[in-house]
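S.K.: Structure provided below as structure tokens; questions to follow.
The values are calculated or read from the model by the stated rules, or taken from the named source; none is laboratory data. The structure displayed is predicted, hence computed values, not measured ones. Neighbour counts run over all protein chains shown; Cβ positions are idealised from the backbone, glycine included.
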Amino acid sequence: MADEEKISETPENGAATTAPAVEGPPPTEALERELEAAKAKAAEHLDGWLRAQAELQNFRRRVERDRAEMQQELTGKIIARYLDVLDDLDRALKHQPSEADGAAALAKWAQGIGAIHRKFQNILEAEGVSRIEADGQAFDPNLHEAIAHEESETHASGQITEVLRHGYKIGDRVIRPALVKVAK
């Protein structure tokens, strides 16, 4: 009956149909080949996924290393500019006059310290750092940090009477708020 067709009737319309004869279970060799092909494809996908994961980890490490190197390089360039000021201060302190040298020598030394101060301010300005103006201004909690309130006849309430430590910002971002006294 291998080459013969079976005839069956369908209950809905009663018409006879022909279907190929099926004998026994399907051949296992074909299924085994399909299974092996599926396993090979799964192994290939797993290998690709593992490689992609490794590449991503390597990329993250490389980006982090590059970021750290760039940060070090930028910090080094900025600090190098400040080292000139430190050298100037070292020389000034080395040649600090004594009382025996007289008032003229002391005045000249103070002028040198003033020049170092201006040089340092110029470096900060070149880096985009600006001082927050606070003396006599209205208190702004975004720019100022009040550490004391005091009675004042010369200042209005909420006005800054004294700057104890200057504040600084880069652009609109506050690096350090000014420490101030505020009138009551």
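S.K.: Does Leu93 count as surrounded by fewer than 13 Cβ atoms within 10 Å (Cβ to Cβ), of a type in the set (A, V, I, L, M) and in a helix (DSSP H, G or I)?
M.R.: On the way: surrounded by fewer than 13 Cβ atoms within 10 Å (Cβ to Cβ): yes; of a type in the set (A, V, I, L, M): yes; in a helix (DSSP H, G or I): yes.
Yes, satisfied.
S.K.: Moving on to the next point. For residues in segment 136-160 being among the aliphatic types (A, V, I, L, M) and under 12 Å from Ala178 (Cα atoms), which is surrounded by the most Cβ atoms within 10 Å (Cβ to Cβ)?
M.R.: That would be Ile160.
S.K.: Still on this structure, I have one more. Under 8 Å between Cβ atoms, which residue pairs at least 6 apart in sequence (or on different chains) link something in segment 59-83 that is at negative phi with a partner that is part of a helix (DSSP H, G or I)?
M.R.: If the second residue must be part of a helix (DSSP H, G or I), the pairs left are Arg81/Ile123; Arg81/Ala126; Tyr82/Phe120; Tyr82/Ile123.
S.K.: Out of the strands (runs of 3 or more DSSP E) lying entirely within segment 112-183, which hold 2 or more residues that are in contact with a helix residue (DSSP H, G or I) (Cβ under 9 Å, 6 or more places away or on another chain)?
M.R.: Per the criteria, 129-132.
S.K.: Moving to a separate point now. Can you spot a residue in segment 98-106 that is in contact with an Asp or Glu (Cβ under 7 Å, 6 or more places away or on another chain), among the aliphatic types (A, V, I, L, M) and surrounded by 14 or more Cβ atoms within 10 Å (Cβ to Cβ)?
M.R.: no
S.K.: Please work out which one of (1) among the charged types (D, E, K, R); (2) farther than 17 Å from Ala183 by Cα; (3) without any contact (Cβ under 8 Å) to a residue 12 or more places away in the chain; (4) touching a strand residue (DSSP E or B) at 6+ places or on another chain (Cβ under 9 Å) is the condition Glu133 fails and give its number.
M.R.: (2)
S.K.: Select from segment 76-129 the residues that are at pLDDT 90 or above and aromatic (Phe, Trp, Tyr) and list them in ascending order.
M.R.: Of everything in segment 76-129, those that are at pLDDT 90 or above and aromatic (Phe, Trp, Tyr) turn out to be Trp109, Phe120.
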